[in-house]
Every structure is written in C-alpha cells, then in structure tokens.
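Undergrad: The structure that follows is given in the form of structure tokens.
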Amino acid sequence: MNELPDAALDEPRLRLIVDSYWRLTGKPLLEIVPDAARELALALWQAPRAIVAHGTGVDPVFFYGNRLALQLFEMSFAEFTRLPSRLSAEAPARAERARLLQEVTAHGYVDNYAGMRIASSGRRFLIDNGTVWNLVDVAGVCHGQAATFSAR
C-alpha cells in the first residue's frame, strides 16, 4: 500500500483533481504542484491528507485513492478502484452522503464535511475537515467528484 502503483500514474486525471480543486476553491490542494507527471503522482500519493476521486457513472466507481485513503479503507489500489463510491459509507449513512454529493453538484464544492466511513474490515472511522468538489475541466465538463479529508 505504500508504494505508488503504476495505475495511479494517470496524469490527465491527476491534473484534473489538482486543477479543479484550485479553480473551485481558490486554494492549492498541494503545497507545490510539480510539472512532471511522476512527481505530481508522488506528491498526491504522499499527501498528508486522504485524497479520493470517482467518475460520473450511474453508480460511480473510485478511480483514485492515495496512500492514506487506501490505509484508511484497508484496500489495495486495485481493490479501491473497483469500489462503487457509495459503498465507502455504511448503508445508514448513504442517504446523507448522497445529499452531500447533490449539494456538491449544485455548488461546485463543499468545505468542512465530516462523516462516518467504513473500512473493508468493517472498522468505522470518522472523516473530518473534508472538502468535496466536482472534477470540472477548463471547458466546464464534469468528470466526477473528489474529496480530501483527515480521519480519526
């Protein structure tokens, strides 16, 4: 889980995560955003906060989770990127999560989000101080949503 998997080197999607965060929030996701693809992938992978992203399908599946996210969810990159994002929350919390994502869709992003999530082992953890945002490219096309958060 600590080594950057080759599948996490999708530069266009990684740039979309970083750039859309900046465009929507006016804040940098990373202290320094490297120009080179591999350095960008490493910076996101090693970020001090969890970072996750999913696509736009009917039942969106995660396409990215950094090292901290994978540790929290107790999954490999391959396992995590097969997970429908709704399953990151327990059934009772899914309605609240869906409401949050509708708010993000309408407003671009939401700050200071907190909620309970569940690891593959069944262990629950609280995500805290989260930001959830739309993955919108420069043409205004939405490619999914992403989140960054701390956990306890």
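The values are calculated or read from the model by the stated rules, or taken from the named source; none is laboratory data. This is a predicted model, so every value here is computed, not measured. As a convention, Cβ positions derive from the backbone with ideal geometry for all residues, glycine included, and neighbour counts pool all protein chains shown.
Undergrad: Is one or more of the residues making up the range 116-137 charged (D, E, K, R) and touching a His at 6+ places or on another chain (Cβ under 9 Å)?
TA: Step one: of the range 116-137, the residues charged (D, E, K, R) are 117, 123-124, 128, 137.
With touching a His at 6+ places or on another chain (Cβ under 9 Å) added as a condition, the list becomes 137.
So far as the range 116-137 goes, yes, one or more of its residues are charged (D, E, K, R) and touching a His at 6+ places or on another chain (Cβ under 9 Å).
Undergrad: For the range 76-102, which positions are under 16 Å from Phe149 (Cβ atoms) and not small (Gly, Ala, Ser)? Steps first, answer last, please.
TA: Within the range 76-102, the first condition is being under 16 Å from Phe149 (Cβ atoms), and the residues that meet it are 80, 85, 88-89, 93, 96-97, 100-101.
Answer for the range 76-102, where residues must be under 16 Å from Phe149 (Cβ atoms) and not small (Gly, Ala, Ser): Phe80, Glu96, Arg97, Leu100, Leu101.
Undergrad: Same structure again: Can you pull out every residue in the range 83-114 that is surrounded by fewer than 11 Cβ atoms within 10 Å (Cβ to Cβ) and within 26 Å of Asp19 (Cβ to Cβ)? Please lay out each step first, then the result.
TA: In the first step, residues of the range 83-114 are kept if they are surrounded by fewer than 11 Cβ atoms within 10 Å (Cβ to Cβ); the result is 91-92, 95, 99, 102, 106, 112.
Correct list: Gln102, Ala106, Asn112.
Undergrad: Within the range 121-145, take every residue that is among the small types (Gly, Ala, Ser) and surrounded by 13 or more Cβ atoms within 10 Å (Cβ to Cβ) and give me the one that is farthest from Arg97 (Cα to Cα).
TA: Step by step, filter the range 121-145, then rank; the result is Gly144.
Undergrad: Within the range 13-65, track down each residue that is without any contact (Cβ under 8 Å) to a residue 24 or more places away in the chain, surrounded by 14 or more Cβ atoms within 10 Å (Cβ to Cβ) and part of a loop (DSSP other than H, G, I, E, B).
TA: Answer for the range 13-65, where residues must be without any contact (Cβ under 8 Å) to a residue 24 or more places away in the chain, surrounded by 14 or more Cβ atoms within 10 Å (Cβ to Cβ) and part of a loop (DSSP other than H, G, I, E, B): Leu30, Val33, Pro34.
Undergrad: Only one of these is farther than 22 Å from Pro48 by Cβ and touching a strand residue (DSSP E or B) at 6+ places or on another chain (Cβ under 6 Å): Gly122, Gly108, Gly130, Gly115. Name it.
TA: Gly108
Undergrad: Enumerate the strands (runs of 3 or more DSSP E) found wholly within the range 90-152, keeping only those where 2 or more residues are at pLDDT 95 or above and of a type outside the set (Ser, Thr, Tyr).
TA: 124-136, 142-151
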